[in-house]
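Have a look at the structure below, then the notes.
The values are calculated or read from the model by the stated rules, or taken from the named source; none is laboratory data. This structure is a prediction, so every number in the text was calculated from the model and none was measured. Here Cβ is always computed from backbone atoms with ideal geometry, including for glycine, and neighbour counts include all displayed protein chains.
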Amino acid sequence: MNNTIKLAVASALLAAASNASAGIMIPAGDWTLDIGGVVNAYYTSTRQSGDFTNLPAGSAVLGGANATRNGTESNITTGLLPNYLSVSGKTRQNDLDVAFTISINPGASTTNSGIQSANQENRQAFLTFGDASWGSIKLGKDLGIYASDAILNDMTLLGVGSGAGFLAGNTTTLGRIGTGFMYADWKSQVAYTSPNWNGFSFTAGVTQAWNVTAAGQTNLPYYTNTNAFNSAISTGRGGNSPAFEAKASYAWAGDFAGKVWVSGLSQKVKGLTNNNGDDLGSDRANAWDVGATVNVAGFGLTGYYGQGEGTGTTVLLRDGFDNAGKTRDSDDWYVQGTYTIPGVGTKLGASYGESTLDGNNVSTDALDEYKNKMWTLGAYHPLTKHLNLVAEYSDVKTEIQNHGAAQLDGKSKTVSLGAILFF
């Protein structure tokens, strides 16, 4: 199985009891091919309620209802991880370890009769080369560097988390994305990873600069530009300047095992404009985070905190700038505890987190504060070496405070039952 999938599986082990760690190995001349992946599906029942019943068609918030889905909705869908089919290859040539990975990621949900093709993503297409003595270089598309450890240590990686209601028919749900951390996402990059020096390593790279999410994209689950609270969104582009990302971590093994990490991101955003098309110039979006996870005697504890200026919430640059072109501050945090039952292998977990986006108290922007909160209870049982049964309950609340107006609240409660297979 390719490195990113292995990392996802290894991190998911903190929240479940799967022992899967290798794909289907095939010798092919000078190469060793590795075919691996993930298959998962869940029955979900989501009840949405609250003040967000007059949003434009197709829009929603993480913890609330929308114009067409107020009430209870049941779906059969993939969870936070999409279905995954990955082909990797590795070889040793001219004193270099050379490798590649290509993956496809089909969804498992379809919601319209006569349309049997679920959404599909292509998350990975990259090559690496290097040596254990000096590290490795990656070129291509893979999981982003900033905030990647936050999602890889989230116990809902093996489950559903939030978004099962309004994201039916999509490739994935959201897990704890937007309710505790920013999505690392899948980014084009050129990155260097150091050797592992007794548990310490670092990665640094340039990644494709992304554009500020436009106000017209109302079909996203963190939409804040409604008549209800009149929060305008500035637009801007990444331009010809790359983003810069880096992370460092230290991991240790033993009876008291664990890992600590820090990461950061910086990107220049050019061509900011308000909703009238006025030129607002350029600015930088910056973010940093820190986290730790420890495991002892069957117990696991994870803590995470991140802070941004102009990076927005849920996905990078979403609502990061107001209608005057000023950066909004944001912060994300979550705590998580797990326990593996001896002799059974079932892992029980509980987690709570928040993501907050602040307004700037300017007359052209009514938003004071936008906050998503979620607590999750989960049980992850290894039915076989590679197959896990999953049961989760997630309770999400969205709070939006406007200048001089009453706070708007929305709630979303999801029960999910299903299974996930790694191979």
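Evaluate the stretch 92-110: report whether one residue or more is in a loop (DSSP other than H, G, I, E, B) and under 29 Å from Gly264 (Cβ atoms). No, because not a single residue in the stretch 92-110 is in a loop (DSSP other than H, G, I, E, B) and under 29 Å from Gly264 (Cβ atoms). Condition check for Phe423 on (1) surrounded by fewer than 20 Cβ atoms within 10 Å (Cβ to Cβ); (2) farther than 30 Å from Asn83 by Cβ; (3) modelled with pLDDT under 95: one failure, at (2). Scanning the stretch 333-349 for residues that are of a type outside the set (Val, Ile, Thr) and under 20 Å from Val290 (Cα atoms) yields a count of 4. Of the residues making up the stretch 337-345, one or more are modelled with pLDDT of 95 or more and crowded, with 18+ Cβ neighbours inside 10 Å.
If you go through the stretch 100-127 and keep only what is without any contact (Cβ under 8 Å) to a residue 60 or more places away in the chain and within 14 Å of Ile35 (Cβ to Cβ), you end up with Phe100, Ile102, Ile104. Pairing each residue of the stretch 316-334 that is at positive phi and in contact (Cβ under 8 Å) with a residue 12 or more places away in the chain with any residue that is of a type in the set (Gly, Ala, Ser) and not in a strand (DSSP E or B), provided the two are 6+ apart or on different chains, yields C-beta distances under 9 Å for Leu317/Gly238; Leu317/Gly310; Asp319/Ser231; Gly325/Ser234. Cβ-Cβ distances below 6 Å connect the following pairs, each with a first residue in the stretch 249-263 that is under 19 Å from Phe202 (Cα atoms) and touching a residue at least 60 places away in the same chain (Cβ under 8 Å), a second residue that is of a type in the set (Asp, Glu) and crowded, with 17+ Cβ neighbours inside 10 Å, and a separation of six or more residues or different chains: Trp261/Asp149; Ser263/Asp289.
Counting only strands (runs of 3 or more DSSP E) that sit wholly inside the stretch 366-423, those with at least 2 residues that are closer than 22 Å to Gly107 by Cα and touching a strand residue (DSSP E or B) at 6+ places or on another chain (Cβ under 6 Å) are 387-402, 408-422. Looking across the stretch 186-199, just one residue is part of a strand (DSSP E or B) and surrounded by fewer than 14 Cβ atoms within 10 Å (Cβ to Cβ), and that is Trp197. Criterion first (at pLDDT 55 or above and in contact with a helix residue (DSSP H, G or I) (Cβ under 9 Å, 6 or more places away or on another chain)) does Asn40 satisfy it? When the stated conditions are applied, Asn40 passes them. Determine whether Ala324 is surrounded by fewer than 18 Cβ atoms within 10 Å (Cβ to Cβ), within 17 Å of Arg237 (Cα to Cα) and aliphatic (A, V, I, L, M). Yes: the conditions hold for Ala324. Among the residues making up the stretch 151-169, those that are in contact with a Leu (Cβ under 8 Å, 6 or more places away or on another chain) and either assigned to a loop (DSSP other than H, G, I, E, B) or of a type outside the set (A, V, I, L, M, F, W, C) (or both) are Asn153, Asp154, Thr156, Gly159, Val160, Gly161, Ser162, Gly163, Leu167. Candidates are the residues of the stretch 81-139 that are small (Gly, Ala, Ser), touching a Pro at 6+ places or on another chain (Cβ under 8 Å) and closer than 21 Å to Lys187 by Cβ; the one that is surrounded by the fewest Cβ atoms within 10 Å (Cβ to Cβ) is Gly135.
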